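Remarks on the structure that follows.
The values are calculated or read from the model by the stated rules, or taken from the named source; none is laboratory data. Just so it is clear, the structure is predicted and the values come from calculations on it, not from any experiment. Virtual Cβ from ideal backbone geometry, glycine too; neighbours counted across all protein chains shown.
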Amino acid sequence: MRQILAATLLLCAGLPASASAETLGGIAMHGAPALPSDFQHFSYADPNVKKGGKIAYGVVGTFDALNPFVLKGMRTSARGIWDPEYGNLFYESLMQRSSAEPFSLYPLLAESVEWDDDRSYIQFNLNPKAHWNDGEPVTADDVIFSFNLLADKGRPPYSSRMKVIDKIDKIDEHTVRFTFNDQANRETPLLIAMSPVLPKHAIDPDSFDQSSLESRVASGPYKIKSLQPGEKITWERDPNYWGKDIPSKVGFDNYDEISVSYFLQDSTLFEAFKKGNVDVYPDGSAGHWERAYDFPAASAGDVVKEEFKSGLPTGMLGFVFNTRRPIFADEKVREALSIAFDFHWLNKNLFDSAYQRTESFWQNSALGAYGNAANDSELALLGDAAKAMPPTLLEGEYTLPASDGSGADRKNLRAAVNLLKQAGYTIKGAKMVDKNGRQLAFEVMTQSPDQEKMAIAYQRTLQLIGVAMAIRTVDDAQYQARSNSFDYDMIVKSYTSSLSPGAEQFNRWGSASRDAQGSFNYAGVADPNVDKAINALVDARSQEDFEVAVRALDRLLVAGHYVVPLYHVDSQWVAHWKHIGHPDETPLYGYQLPVWYDASAQK
């Protein structure tokens, strides 16, 4: 393996003395963390839960790897290895994020941390009790090895984190310090704290980037019990897990056994849920949530439907234009096709009018462009880009035009045709063609029946103005492979939004990620104004400056028409069998499966 940085000792010249820094039990992106250093557990976790029992999850897809940190295993690694939804069952990070705060981290592998006001460095003091599941201790060498390995063999964003690190110093066996260069920002120390730590003694660097089912040594709360490649992985709780009593893990990891079964399509998964072979079913379809729960177990009360409220922004679900394709390079074309989409027909006829249209990426929060006018600070940050924006967008009142719900609104279609005319298209022989007579035609890639239904409705409307849209529905493996390589004209994607957007926005919208395979820049955005806004949000020192920067980014993305916005709901819908319980508190980030439990084990 190419060595990026070598471990050094405390005696190295120029190393600042750690005594000058305060030792912290938690850190936050802005301000101070809400919990004191002697906190006992997160408020949304029940410390009195009796561990035991089991839970069966189900997902659509397949798996053929146990390494989510490399490109080959990016979307085909078994669930649970490194999993924000089910919990990191196998590998762990230096610190644990609290779901009750916008962006605060608390001790996990690191017992405490130190940093300076400028965040020019961060020092992690590892918990001496931390060990791998083979009994070997977790050391500073493991931390340094992990960052070197991921820089050399990993995928974005892990592969790029060394670019902002000037050096890593091994203070002693349980202490490691990261010193940053001028490419780092104020979020960098927190990203380092959330990065995976891998066992140096159990990994062959030469074969690390190959797809494999051989990983077996980690520090997390579960071990792999059994594997059926592509079909099922079963986890068993490690009775010797080192961290079961630390505050950030109290009330977590409550099952003796966790299984994840894989299905080819959602309808099959739901049938398995109805039979009791899957215990939890997050539901994202309004019509399905309203009408599909008339089976005997639900009628008898054995299956429970619950709605949870989170404090998160809406995020964005939409048809994404691949601007790498010449047909979508012109912003006017993208705007025209966005206007032509009849959301109101779709909402009424397919979803019983259950949804609200999404107007921006951070809607329903102080971070969003929708509902929040640009102040002087934001206008200064936007600079000349603000001059090209519609006044309503700067005033926080911009929306895509409402339709009459007919699927053929003449006013909107006329506006779309006028924009296409400005982009060099005209209608000839019932076809929308360019100056060379080529029809405006593209393909949308979908991966589910619901996506296909939406695409068909869109296709029908576009036909009215001579635009030819083909639909290709592919299986999960092909969808992920083509997503990784940007091999599509248009794709349906969901962008989650948090109250603490940060460096991940570079991977979604930054110019450097446009041509990086495996990045989340599905739209192919490369705009210096967008880069400037992202830099401002990660460098913000105050909450006010942070909000200004996120709103500026939101306005730029809306103005760029990179996505045809779809819909959102204000609740999280989850159905589960009644023996699966959960704490009473729903934190800021919504329901948290890692703190749920088997209620039958409590008796």
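Pairs linking a residue in segment 541-568 that is in the same structural domain as residue 358 (by TED's automatic domain parsing) and farther than 30 Å from residue 287 by Cα to a residue that is basic (Lys, Arg) and surrounded by fewer than 23 Cβ atoms within 10 Å (Cβ to Cβ), with Cβ atoms under 7 Å and 6 or more positions apart or on different chains, are 541/186. Taken over segment 429-448, the criterion of being touching an Asp or Glu at 6+ places or on another chain (Cβ under 8 Å) and not in a strand (DSSP E or B) is satisfied by 440, 447, 448.
The residues of segment 188-210 that are of a type outside the set (A, V, I, L, M), buried (at least 16 other Cβ atoms within 10 Å of the Cβ) and assigned to a loop (DSSP other than H, G, I, E, B), listed by number, are 195, 199, 208, 209. Filtered by the rule that a residue be closer than 28 Å to residue 284 by Cβ and surrounded by 24 or more Cβ atoms within 10 Å (Cβ to Cβ), segment 99-110 gives no residues. Taken over segment 328-346, the criterion of being surrounded by fewer than 20 Cβ atoms within 10 Å (Cβ to Cβ) and within 30 Å of residue 484 (Cα to Cα) is satisfied by 329, 330, 331, 332.
Evaluating residue 588 against the criteria (1) surrounded by fewer than 17 Cβ atoms within 10 Å (Cβ to Cβ); (2) over 27 Å from residue 509 (Cα atoms) leaves one unmet condition, (2). Looking at 242, 235, just one residue is aromatic (Phe, Trp, Tyr) and under 29 Å from residue 477 (Cα atoms), and that residue is 235.
Filtering 506, 520, 486 for residues that are at positive phi and either at pLDDT below 95 or assigned by TED's automatic domain parsing to the domain that holds residue 355 (or both) leaves a single hit, 486.
Are any residues in segment 84-100 at pLDDT 95 or above and not in a strand (DSSP E or B), and if so, which ones? The answer is 85, 86, 87, 88, 89, 90, 91, 94, 98, 99, 100. Within segment 136-178, the set of residues being in a strand (DSSP E or B) and either in contact with a strand residue (DSSP E or B) (Cβ under 9 Å, 6 or more places away or on another chain) or surrounded by 22 or more Cβ atoms within 10 Å (Cβ to Cβ) (or both) comprises 137, 165, 166, 167, 168, 169, 170, 171, 175, 176, 177, 178. In the set (1) in contact with a Lys or Arg (Cβ under 8 Å, 6 or more places away or on another chain); (2) in the same structural domain as residue 510 (by TED's automatic domain parsing); (3) surrounded by fewer than 22 Cβ atoms within 10 Å (Cβ to Cβ), the condition left unmet by residue 298 is number (2). Counting only helices (runs of 4 or more DSSP H) that sit wholly inside segment 270-348, those with at least 3 residues that are among the charged types (D, E, K, R) are 331-340.
Taken together, the residues in segment 456-484 that are in a helix (DSSP H, G or I) and either acidic (Asp, Glu) or within 25 Å of residue 262 (Cβ to Cβ) (or both) amount to 9.
With respect to (1) surrounded by fewer than 15 Cβ atoms within 10 Å (Cβ to Cβ); (2) out of contact with any Leu (no Cβ under 8 Å at 6 or more places or on another chain), the lone exception for residue 229 is condition (2).
Every residue, every condition in (1) at pLDDT 95 or above; (2) within 27 Å of residue 505 (Cβ to Cβ), yes or no:
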| residue | (1), (2) |
| --- | --- |
| 156 | no, yes |
| 174 | yes, no |
| 180 | yes, yes |
| 186 | no, yes |
| 195 | yes, yes |
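Mind checking whether some residue in segment 489-500 is more than 21 Å from the chain's Cα centre (by Cα) and assigned to a loop (DSSP other than H, G, I, E, B)? Yes, segment 489-500 has at least one match.
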